Amino acid sequence: MRKRLLIIMMISLLALSACGKSEEGKNREASKEEVTEANQTSTEVTTQATEATTEATSEMTTESATTAEATTEAIDYSDRLVAYELKETDNSYINELLNMSGEYTDSVDNTGTYHYQIPQFNATSASAKALNQRIEADLYKIVENEVINMDGGFSLMCYSLTYEVFQYGDIVAIVAKAPYPNDCKYYYAYTYDFENDKEVTNAELLAMNNMTADGFVEEACKREEEHFMNMASNMGMTESEEIEFYLEPAREDTTADLPMYLDENGVLNVYVPFPSVAGASYYYTLCEF
């Protein structure tokens with residue numbers, strides 16, 4: 001009897017041990033499956049991240065290439081009445097799109113010479129391209145009118161469109177001048193910073209001189225009035241309404257968009273409209289600020 005009990009107990013122990021090993025094996029298999037699934041999920045996430053990064057990089061590269069292409073793309077001037085040919089000048093910062101001169105006789109035998117120049121900054125950034133396009137657009141209007149006059153046998157109104165270059169460090173300014181009859185002169189100023197490869201705006205030029213747009217306009221109008229009051233005093237002009245009549249046109253056209261530039265000493269120069277009694281309503285006068 002005792003032998004039977006011992007045998008039964010040994011069989012039970014063996015059965016329990018086998019069950020424990022079986023559950024442990026099942027747990028190990030489950031753990032292996034979880035690890036495998038986790039690894040697969042991690043691999044999928046990594047693959048998706050890699051694909052997203054590749055796609056983003058591709059888009060950035062394409063965008064950069066498009067920007068570069070837009071910057072270097074040639075401008076179509078085929079509709080112009082004059083032939084352009086971009087040429088270097090003695091100044092390495094400046095190129096010329098047009099430099100034409102000659103003699104002219106109109107239909108009533110008035111003769112004269114003409115000289116027209118359209119300069120460009122020798123830079124290739126997007127900012128330079130936009131600035132050069134604006135220079136061409138502004139100055140070509142003058143040339144176009146005179147070419148039409150020549151073709152029609154009419155007298156020229158503007159015989160000369162020339163420019164000067166002012167350099168203060170890496171800041172270079174082009175100042176173009178177009179004289180007309182009765183001592184009228186129109187000025188155009190453009191500034192480029194070659195160190196930072198960008199246009200310098202009038203707001204930035206004023207800021208370099210510790211001035212705001214409103215502060216500049218106030219100071220410019222003050223100088224216009226002082227200039228005219230001296231002239232009016234010499235003429236015996238005392239009526240306030242009459243004085244205001246002469247001051248108003250210049251005051252209305254005095255803005256922060258007036259032609260301005262830095263000279264070789266870094267001094268801000270601005271062409272300010274000074275009121276006039278005879279001739280034009282005002283004449284542009286160069287002032288230092």
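The values are calculated or read from the model by the stated rules, or taken from the named source; none is laboratory data. Computed from a predicted model, the values in this text were never measured in an experiment. Here Cβ is always computed from backbone atoms with ideal geometry, including for glycine, and neighbour counts include all displayed protein chains. SASA here: full protein model, heavy atoms, side chains in, ligands and nucleic acids out. Shrake-Rupley method; radii C 1.70, N 1.55, O 1.52, S 1.80 Å.
Here are a few things to note about the model shown:
- Heavy-atom accessible surface of Ser107, to the nearest 10 Å², is about 90 Å², with a 1.4 Å probe and all protein chains retained.
- Where Cys158, Cys184 fall by accessible area, highest first, once all protein chains stay in place (1.4 Å): Cys184, Cys158
- For Met157, the solvent-accessible surface computed with a 1.4 Å probe is close to 100 Å², ligands and nucleic acids excluded.
- Counted by Cβ distance under 14 Å from Asn110, the other residues give a net charge of -4, where Lys and Arg count +1 and Asp and Glu count -1.
- When Rg and the Kirkwood Rh are both derived from Cα coordinates, the Rg/Rh ratio for region 107-170 amounts to 1.11.
- When the Cα atoms of region 231-289 are aligned to their principal axes, the ranges along those axes come out at 41, 22, 19 Å in descending order.
- With kT/(6 pi eta Rh) evaluated at 20 °C and eta = 1.002 mPa s, and Rh the Kirkwood radius from Cα pairs, region 168-277 diffuses with a coefficient of 138 µm²/s according to Stokes-Einstein.
- Solvent accessible area, Å² - Asp151, 1.4 Å probe, full protein context: 130 Å²
- Interatomic Cα distance distribution for region 77-145, bins of 10 angstrom, percent: 18, 45, 26, 9, 2
- With 25 Å as the limit on Cα-Cα distance, the pairs of Lys87/Lys198; Lys141/Lys222; Lys198/Lys222; Lys141/Lys185; Lys185/Lys222 that go past it are Lys141/Lys222; Lys198/Lys222.
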